[in-house]
Amino acid sequence: HLGSLGHKLDDELINKLSEVDFLFIPIGGHFCLDGYSAAKLALTLKPKYIIPMCFKTSSEYFYLDGPYKFLSSLKNILSYKSNTIYSDDMSFKDKCSVILLSN
């Protein structure tokens, strides 16, 4: 979980975080990473699953960007019509996948 990260990570921290299974990453810009920077960092860290957070939804966080920049930079997007996901719902793959949850 990268919290409200708004700056680049140094190489030492990138090495410590590389190849995590789940990466919760802020993507809404302004005070946190923007979509393009978040996508670049996520691809560098190579998690199995990426869960974007801190972005504009239809009714929340009017000052943040939506997920479009982030999602357009990545492939293997799994959208769920829920804000909860269970491990039984997931197929663990070798490829990095983005999990987009509804609010």
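Each reported figure results from applying straightforward, stated rules to the coordinates on display, with no laboratory input. All values reported here derive from a predicted model rather than from experimental measurement. For neighbour counting, all protein chains shown are included, and Cβ atoms are generated from backbone atoms with ideal geometry for every residue, glycine included.
Given H placed on each backbone N at 1.01 Å, which residues far from Leu100 in sequence or on other chains put an amide H within less than 5 Å of it?
Here Leu78, Ser79, Tyr80 satisfy the definition.
State, to one decimal in nm, how far the label point of Thr57 lies from the label point of Lys75, with both points 7 Å from Cα in the Cβ direction.
If labels sit at Thr57 and Lys75, their model points lie 2.9 nm apart.
Run the quick spin-label model on Asp21 and His1: label points 7 Å from Cα toward the beta carbon, then report their separation in nm to one decimal.
So the two model labels end up 1.6 nm from each other.
Scan around Phe24 for amide H atoms under 5 Å from its own, H built in the peptide plane at 1.01 Å from N, and keep only partners 5 or more places away or cross-chain.
So Phe24 has HN proximity to Leu2, Ile51.
Answer rounded, prolate or oblate for the range 11-101, using the Cα gyration tensor with square roots of eigenvalues a ≥ b ≥ c: rounded when a/c is under 1.5, else prolate when a/b is larger than b/c, else oblate.
Oblate shape, in that a/c is at least 1.5 and b/c is the bigger or equal ratio.
Could you give the length gained by full extension between Asn83 and Tyr36, i.e. 0.36 nm per residue of separation minus their alpha carbon distance, to one decimal place?
Stretched fully, the Asn83-Tyr36 segment lengthens by 14.6 nm.
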